[in-house]
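Student: The structure that follows is given in the form of structure tokens.
The values are calculated or read from the model by the stated rules, or taken from the named source; none is laboratory data. Please read all numbers here as calculations on a predicted model, not as lab measurements. For neighbour counting, all protein chains shown are included, and Cβ atoms are generated from backbone atoms with ideal geometry for every residue, glycine included. To get the accessible areas, we keep the full protein, side chains included, count just its heavy atoms, and leave off ligands, DNA and RNA. Shrake-Rupley method; radii C 1.70, N 1.55, O 1.52, S 1.80 Å.
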Amino acid sequence: MQVLIPSALRSYTEHGTVEARGETLAAVLADLEQRYPGIRFRMLDEQQQIRPHIRFFFAGEQLRDLTQALHADGELIIVQALSGG
């Protein structure tokens, strides 16, 4: 599937769009980690929970569960909120 990478994570992929495989969000993130080491930790914390500033969207809906099923011909959009003071 196509995965849209936010600019803050492009230092890992060097591209705004990459390919990944997996039947669930967790599997897609594992595939991204295998291809781009270190990227998964920027999206998931030590307890394997989605970090508060990361959002995943698939087929127009926000994904909140890593076990959510995905289909291969879709597009996963990763959004990273920016914060600062």
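Student: On full extension of the chain, what length is gained from Gln48 through Glu75, given 0.36 nm per residue of separation minus the C-alpha to C-alpha distance?
Tutor: Details: separation 27, 0.36 × 27 = 9.72 nm, distance 2.22 nm.
Full extension of this stretch gives 7.5 nm more.
Student: What nm value, rounded to one decimal, do you get for the distance between Ser11 and Glu61 when each label is placed 7 Å out toward the C-beta?
Tutor: With each label placed 7 Å out from Cα toward Cβ, I get 3.5 nm.
Student: Once you sort the root eigenvalues of the Cα gyration tensor of the chain as a ≥ b ≥ c, which label holds: rounded (a/c under 1.5), prolate (a/b larger than b/c) or oblate (the other case)?
Tutor: rounded
Student: Still on this model: Taking the Cα centre of the chain as origin and charging only Cβ (+1 Lys, Arg; -1 Asp, Glu), how large is the dipole, in debye to the nearest 20? Before the final figure, lay out each step's value.
Tutor: On the way: 8 positive and 11 negative charges, 55 e Å.
Dipole size: approximately 260 debye.
Student: So what are the ³J(HN,Hα) numbers for the range 29-44, from phi and the Karplus equation (6.51, -1.76, 1.60; θ = phi - 60°), rounded to whole Hz, Gly and Pro as x?
Tutor: Taking θ as phi minus 60°, the curve returns 5, 5, 5, 4, 4, 5, 7, 10, x, x, 5, 5, 5, 6, 10, 10 Hz for the range 29-44.
Student: Excluding ligands, DNA and RNA, what is the solvent-accessible area per residue of the chain at a probe of 1.4 Å, expressed in Å²? Walk me through the numbers before you get to the answer.
Tutor: Values: 5220 Å² over 85 residues.
Accessible area per residue, the chain: 61 Å².
Student: Let me ask something else about it. Rounded to the nearest Å, what's the spacing between the alpha carbon centres of the range 4-30 and the range 45-72? Just the number, please.
Tutor: 12
Student: Stretch Gln2-Glu19 to full length: gain in nm at 0.36 nm per residue minus the Cα-Cα span?
Tutor: Details: separation 17, 0.36 × 17 = 6.12 nm, distance 0.49 nm.
Net length gain for the segment: 5.6 nm.
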